[in-house]
1. For the stretch 375-387, which positions are in contact with a strand residue (DSSP E or B) (Cβ under 7 Å, 6 or more places away or on another chain), modelled with pLDDT of 70 or more and more than 14 Å from residue 362 (Cα to Cα)?
2. Filter the stretch 239-270 down to the residues that are under 15 Å from residue 224 (Cβ atoms) and more than 20 Å from the chain's Cα centre (by Cα) and list them by number.
3. Assess whether residue 274 counts as being at pLDDT 95 or above, in a strand (DSSP E or B), in contact with a helix residue (DSSP H, G or I) (Cβ under 9 Å, 6 or more places away or on another chain) and surrounded by fewer than 23 Cβ atoms within 10 Å (Cβ to Cβ).
4. Pull out all pairs, ordered by first then second residue, where Cβ-Cβ is under 7 Å, the residues are six or more apart or on different chains, the first lies in the stretch 92-106 and is not assigned by TED's automatic domain parsing to the domain that holds residue 63, and the second is surrounded by fewer than 17 Cβ atoms within 10 Å (Cβ to Cβ) and part of a helix (DSSP H, G or I).
5. Among the numbered criteria (1) surrounded by 22 or more Cβ atoms within 10 Å (Cβ to Cβ); (2) more than 30 Å from residue 91 (Cβ to Cβ), which one does residue 173 miss?
6. Hey, can you tell me all the residues within the stretch 328-343 that are under 17 Å from the mean Cα position of the chain (by Cα) and either crowded, with 23+ Cβ neighbours inside 10 Å or not assigned by TED's automatic domain parsing to the domain that holds residue 145 (or both)?
7. Given the criteria assigned to a strand (DSSP E or B), under 24 Å from residue 382 (Cβ atoms) and in the same structural domain as residue 180 (by TED's automatic domain parsing), does residue 318 qualify?
8. Can you name the helices (runs of 4 or more DSSP H) wholly within the stretch 34-118 that have at least 1 residues being modelled with pLDDT under 80?
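The values are calculated or read from the model by the stated rules, or taken from the named source; none is laboratory data. Nothing here was measured: the structure is a model prediction, and the numbers come from that model. Positions of Cβ are backbone-derived with ideal geometry, glycine not excepted, and every protein chain shown enters the neighbour counts.
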């Protein structure tokens, strides 16, 4: 990312997602209400005499089938008509899982092919460590993921992809795409007020905040705005007070933390801003916090952790009281995980997805140290690596988002930008 510190100028930008643009989606959208939830469904009534699994009550059998990994659905649908009916629709399958109270985490990984530049979303089942796909985003194959920011709303089971850049014309994007897990489809949302790339993004109390970033010709922005996902509209919030792009972002204690990030060599100390939505004000980030923030972050146990991207350092955690970073006990990130990588977390585990989509899983544990003067909380980590299929050897991660498959549940940061792609313009249509 190039550092540019000059005032923002509002040059013309390309507004994408306008109604006059056309799109032929690569996936079909279900038009009918799921009959699985309708007890009067003729198909379901016709199969009532056929057990789901011979020798088991249907309630028990259904509980078993709901645990099948998605990658097995295609084969399992051939077992019988009821299995085909149950597993033939993701909408039906996930709705029933929600009813039964299943709570299984998935990691959604935004990747691109290093040779063709084609982008796609792959999904890692964190229970079975198996991969599957979701429908392609409504855009052309050669769209550069440079500068996209991705967030999710855990309780709603929705994933949002915002902004981006078309590098051929140095054109920032104002587009917002939404993926609905239960409908298994993408829709085009209302555009951001300002087109931007390499910006900060995060979710606070169900609201999506974006701030800063690059405008046309790499002019840096100081504006910020917020999206109400339910009402579907954006409104401006307080400006950052300084023009800056974002290297990484985190939400901690209900505030949005934005770091400009270190650039090698370390000639200039990075800047950082903190936004409080309650007061609608920005403050400068503490010196120790911004100067030690040298990688991609996650929040675990209410603490900010960073996986460094400049050298193979150990995981470190920020201590608010001393405004300093402390090394987490345990080994460094495994050598199999190569940059660029994206970082996310689920409960007390950190997931680092590296090049070729090898995944390092770090289990974070608390270590209580009882000193004579004070009791201080420390952390330790233990890593293990999940190797990716050989078919992923040419894929590179750009972002990763966590969704939980029943009330569904992504960290806003962790987007690595190391692309060598010749992109084309997005082609979007509101009539999905």
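1. 376, 377, 378
2. 239, 240, 241, 242, 243, 244
3. So residue 274 passes the test.
4. Note: pairs meeting the criteria are 95/37; 100/63.
5. (2)
6. 341, 342, 343
7. Yes, satisfied.
8. Fully inside the stretch 34-118 and qualifying: 42-46, 90-100.
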